[in-house]
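Q: Following this message is one structure expressed as structure tokens.
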């Protein structure tokens, strides 16, 4: 009889232990909290061990966001998370009536636009819950131009690929693509800003993420004449190597074009200088023709600039593609801004990973891209720009002329004259046409 009771209690104990253990292991865990401040927003990422079950609500006076994680526990220290953020004052825990849940309270500095959504596992990350906090006064910083006799700067929007919780590709040595792209972008920014007539606008200035639509919005609000997106390629094997330059595919461009035409009343600004005419006209055929001309001009300009980039890049690195490649990419979808995406090399290739982390090599890549910008706009300057007022001249060689006399006439050096025309010697021929570089 004593044995039977003991056995009964033992079975009950095992059953209870099984239920309790299953509940413990079923609980979701908040394994990390990452805060990514940006100029216009802050992103908070909660790293979780499983798909989140959550609810949230806002409170005012003071402004707070409360997030309840069901069937969960947290082992994350909340100290030191907000040292660089201006939108969140405090992240703290709070009591909740629901057993087994975790409540986090974010005390906010103002009344912001909030977006809360889960993300499935991807790459090196597991399940996540993402909170985006947007400033209500969500205006892009606009380039201040100081026109001198209508000679404006040409504006180049530079997109450093990835950022924040999106590291991009990761090399075998642990190199993050997002760090490489930002470093090259900053070097390119300095080169462009040191050139009279050019102005760089950095779409991402730090380690945070900007979604693709916002990249284009920022470029457009800053009146960009060109958008350059910088990336580093990757593959499943270590063999592929070399840089490449991508432009928007014809199929994607046509798809976007159809949408623009359907929404031309709302999106006339996407169609450039003819946008107002396109919006107001009741003639659908005229609207279609004008918009199509704009789209074709943008695509043609993108391809031409891509060829300039390839010409310069092949001088400093190996090329994976010898011609511009058309792909369907969200960051290149603008119909009014010529846009290219530059893959600076394969971060998955050990040698190129070493090169991409080298400041010297990064500078070479940046200078090659800058030279392509200068060369392209030297031949295709926008109306009203400083480049247009100092457009490159061409000189046809006449009898008795030499490189030194031509250089003296145009106040340039013989070396720059030779470099501009890819001359290997001082020998020139009558009737030969030389492009004259800008005065130094």
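Nothing in this text is a laboratory measurement; each read-out follows from the coordinates by a stated rule. Here the structure is a predicted model, which means the values were calculated and not measured. FYI the Cβ positions are ideal-geometry reconstructions off the backbone, even for glycines, and counts take in every protein chain you see.
Q: What is the distance, in nm, between label points placed 7 Å from the Cα along the Cα-to-Cβ direction at residue 51 and at residue 114?
A: My value for the distance between the label points is 2.4 nm.
Q: Among 165, 343, what is the fewest-to-most ranking by other Cβ atoms within 10 Å?
A: Ranking 165, 343 by Cβ neighbours within 10 Å, fewest first, gives 165, 343.
Q: Is the shape of the range 61-105 rounded, prolate or oblate, going by the alpha carbon gyration tensor and its root eigenvalues a ≥ b ≥ c, with a/c under 1.5 for rounded and a/b larger than b/c for prolate?
A: The shape class here is oblate.
Q: Next question. Given the range 26-134, what whole percent of its Cα pairs are spread farther than 23 Å?
A: In whole percent, the long-distance tail amounts to 22.
Q: Normalised by the residues of the range 392-436, what does the relative contact order come to in percent, with Cα pairs under 8 Å and at least six apart?
A: Reported relative contact order: 61 percent.
Q: Ranked highest first by the average count of other Cβ atoms within 10 Å around their residues, in what order do 95-107, 45-57 fall?
A: Top to bottom by mean Cβ count within 10 Å: 45-57, 95-107.
Q: Here is a further query. Tell me whether the range 392-436 comes out rounded, prolate or oblate; compute the Cα gyration tensor, take square roots of the eigenvalues as a ≥ b ≥ c, and use a/c under 1.5 as the rounded threshold.
A: Cα axes put the range 392-436 in the rounded bin.
Q: Which length gain, in nm to one decimal place, applies between residue 66 and residue 379 when the Cα-Cα distance is subtracted from 0.36 nm times their residue separation?
A: The span from residue 66 to residue 379 would gain 107.0 nm if fully extended.
Q: Please order 390, 175 by the number of other Cβ within 10 Å, starting at the fewest.
A: By the 10 Å Cβ count, ascending, the order reads 390, 175.
Q: With r as the distance between the Cβ atoms of residue 327 and residue 415 and R0 = 41 Å, compute the FRET efficiency 1/(1 + (r/R0)^6) and round to 0.05.
A: Efficiency, from the Cβ-Cβ distance: 0.60.
Q: If you don't mind, another one. Can you give me the relative contact order of the range 293-360 as a percent, contacts being Cα pairs under 8 Å and 6 or more apart?
A: Averaging sequence separation for qualifying contacts and normalising by length gives 35 percent for the range 293-360.
Q: If packing is taken as the mean number of other Cβ atoms within 10 Å per residue, what is the order of 34-44, 379-389, highest first?
A: Highest to lowest by the protection proxy: 34-44, 379-389.
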